[in-house]
Amino acid sequence: MQKSAILSIRVRKKKIQAQVTRALPRREDRAWLAGIIEGEGSVLWASYGNDEWRAKISVIMNDGAVIAYAAKLMGATPFYDKKRKRWHTYAEGFRAIQVAKLAGPHMRGQKKELAFAMVTAGHVFRGREPPWRFKLAYDNDLQKNVRTLELSSVSRI
């Protein structure tokens, strides 16, 4: 990769990081966004059929005003799905990592684990398998099987 292309990627990442940080300056906004993501959202890896997995945080619901505010905080755009009659917005790639960094500490449970795994893993992977999966493991304290997060060893871009 040429030096100018690498510099361009770094500049774009810094710009996205600044946009998301400016949009989420207050702790209350970060906590609100974390609540919306936990209640109505998804933290996932999206694949588009080319063995490339991208970090993605999406929120889908019927209330357009709430989605518009969530989109503003994530630095994204709200969309209306006419067929299903609902609003959605998403942050993908490096922007999703920045949202996970800022809103992740306010999340609880499984989505918090996914957000922190996303931050640790990076924003793009190559490989046929997703960068993480859940497996059942027996927890002696709880005396039952619980789902645990397992990072797979795939190549990072």
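Bear in mind these aren't lab numbers, they're just calculated from the coordinates by the rules spelled out. Owing to the predicted nature of the structure, the values given are computational and were not obtained by experimental measurement. A quick note on method: Cβ atoms are made from the backbone with ideal geometry, for glycine too, and the neighbour counts reach across all protein chains shown.
Give, to the nearest whole percent, the P(r) tail of the stretch 3-125 beyond 19 angstrom, counting all Cα pairs. Counting every Cα pair in the stretch 3-125, those more than 19 Å apart make up 47 percent. Applying the Karplus relation 6.51 cos²θ - 1.76 cosθ + 1.60 with θ = phi - 60° to the stretch 92-107 yields 3J(HN,Hα) values of 10, x, 5, 4, 5, 4, 5, 5, 5, 5, 7, 8, x, x, 8, 8 Hz, where x marks Gly and Pro. Note that the stretch 25-86 shows a convex hull volume over its alpha carbon atoms of 103 Å³ per residue. In this label model, residue 72 and residue 11 are separated by 3.0 nm, measuring between points 7 Å along each Cα→Cβ vector. Once you list every other residue whose beta carbon is under 15 Å from the beta carbon of residue 64, what net charge do they have if Lys and Arg are +1 and Asp and Glu are -1? Value of the local net charge: +2.
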